[in-house]
Amino acid sequence: MRLLSPVTGSKLVLLFLFLGAVRSDALKLNLTDSKGTCLYAEWEMNFTITYEALKVNETVTITVPDKVTYNGSSCGDDKNGAKIMIQYGSTLSWAVNFTKEASQYFINNITLSYNTNDTKTFPGAVPKGILTVIIPVGSQLPLGVIFKCSSVLTFNLSPVVQHYWGIHLQAFVQNGTVSKHEQVCKEDKTATTVAPIIHTTVPSPTTTLTPTSIPVPTPTVGNYTISNGNATCLLATMGLQLNITEEKVPFIFNINPAITNFTGSCQPQTAQLRLNNSQIKYLDFIFAVKNEKRFYLKEVNVNMYLANGSAFHVSNNNLSFWDAPLGSSYMCNKEQVVSVSRTFQINTFNLKVQPFNVTKGEYSTAEECAADSDLNFLIPVAVGVALGFLIIAVFISYMIGRRKSRTGYQSV
């Protein structure tokens, strides 16, 4: 495994806690630069790994010891992500990476690699070699706040169960000083957890990390361009927020364009935009031509991992969204919901898309969604005018009727 070097000009301060109830496997990492602390982390963790032996599957629990190295850990900045990297000899390496965006930062992935060539740790393992498990986290935290979680957070992605607790974390520390403002995880607000005993058993009690622990802000708008040869054939600009309800547990995930790859293709009658990153295996938007005059979003396919490591996939090829004439683009600046299935919907922000007939790599005149239309204000005006005329008509009718009544009395 190739380990990245720390950011130039930063120095690494590594401290371990031996205070009271905190054991030697409780790690405390303080990365500094010229301003002071730039990344602070304190946490405990262990891994229960199931591996294939000669005739049966064996299980081993590895508690991260105090004698580890931190090569490649770095503070990051506006352009480069921060990371914490740990190496335990040739047996195990662990990393978590962060990216900053505006007033938030993302906890992107946790990567664990273990070497079954270590016969002490993995006796009788077959086959032998380095195996890697990547957990897509996808959580977001505000800058200037330290995140705390005493409860045990569990990530279960076969063949490894990962446990984390006693967490104090602040990436992209501002002004060189760890914040006194804290954000507590949801699990700590709902339960009191006793620190687990670490031997060869799974820590207990545990709580599973839920994606609703941290509020999700409005997603960042990304720009996506697909070419056919040297010519641009598809343009898309949009902020994307994925809303998943699996077993009544809501999971909200913003797509970060800075860490998202995209590909696609263009055909005379169909066009495809595919997004993917460490958490999303693929998210497809498929457009089609309707009656040779208009285009629309016909199909959405998604295959991704949730925060608990489970796979989620949905397909729907019978949609009818983002309808506009060929030769134009479709635009909707306000939030719009694309309902793909009962358990999956996509919220779009500042959307603009043109999957056909792109000229000179630029958007054509846009057809706006109803929510953006300037004509929307005419609806309440028209209703008000109609009510006004109705009131006047009733008043005139009343006055005419009253005058006729008086005339009738005089004739008698």
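Side notes on the structure shown:
- Gained length - Val184 relative to Glu52, 0.36 nm times residue gap less alpha-carbon distance: 43.7 nm
- Across the protein chains, with a 1.4 Å probe defining accessible surface, the residues Tyr305, Tyr51 rank Tyr305, Tyr51 from largest area downward.
- Distribution of pairwise C-alpha distances over segment 259-306, 10 Å bins, in %: 27, 45, 22, 7
- Electrostatic dipole magnitude of segment 26-185 [Cβ: Lys, Arg +1; Asp, Glu -1; Cα centre; debye, to 20]: 100 debye
- Neighbourhood charge, 12 Å Cβ-Cβ cut-off, centred on Ile286 and excluding it, Lys, Arg +1 and Asp, Glu -1: 0
- Across segment 88-156, the volume of the C-alpha convex hull divided among the residues equals 124 Å³ per residue.
- Ratio Rg/Rh, restricted to segment 43-103 and using Cα atoms, in which Rh is the Kirkwood radius: 1.14
- Environment charge of Tyr296, counting only residues whose C-beta is closer than 9 Å and scoring Lys/Arg +1, Asp/Glu -1: +2
- Pairwise FRET efficiency - Tyr282 versus Ser158, Cβ, R0 = 22 Å, nearest 0.05: 0.55
- Taking every protein chain into account, the 1.4 Å probe leaves Thr121 with about 30 Å² of accessible area, to the nearest ten.
- Checking the Cα-Cα distances for Lys28/Lys281; Lys35/Lys148; Lys67/Lys100 against a 25 Å cut-off, the pairs over it are Lys28/Lys281; Lys67/Lys100.
- Taking all Cα-Cα distances within segment 217-307, those exceeding 19 Å account for 45%.
- Heavy-atom accessible area order for Ile280, Ile134, largest first, 1.4 Å probe: Ile134, Ile280
- Accessible surface ranking that places the most exposed of Ile286, Ile400, Ile135 first, with a 1.4 angstrom probe: Ile400, Ile286, Ile135
- Near Ser315, once Lys and Arg are set to +1 and Asp and Glu to -1 for all other residues with Cβ below 14 Å from its Cβ, the sum equals +2.
The values are calculated or read from the model by the stated rules, or taken from the named source; none is laboratory data. Every value quoted in this text rests on a predicted model; they were computed, and no experiment measured them. Cβ coordinates were reconstructed from backbone atoms using ideal geometry, including for glycine residues, and neighbour counts include every protein chain displayed. When the accessible area is computed, the model is the full protein with side chains, heavy atoms only, and any ligands, DNA or RNA have been set aside. Shrake-Rupley method; radii C 1.70, N 1.55, O 1.52, S 1.80 Å.
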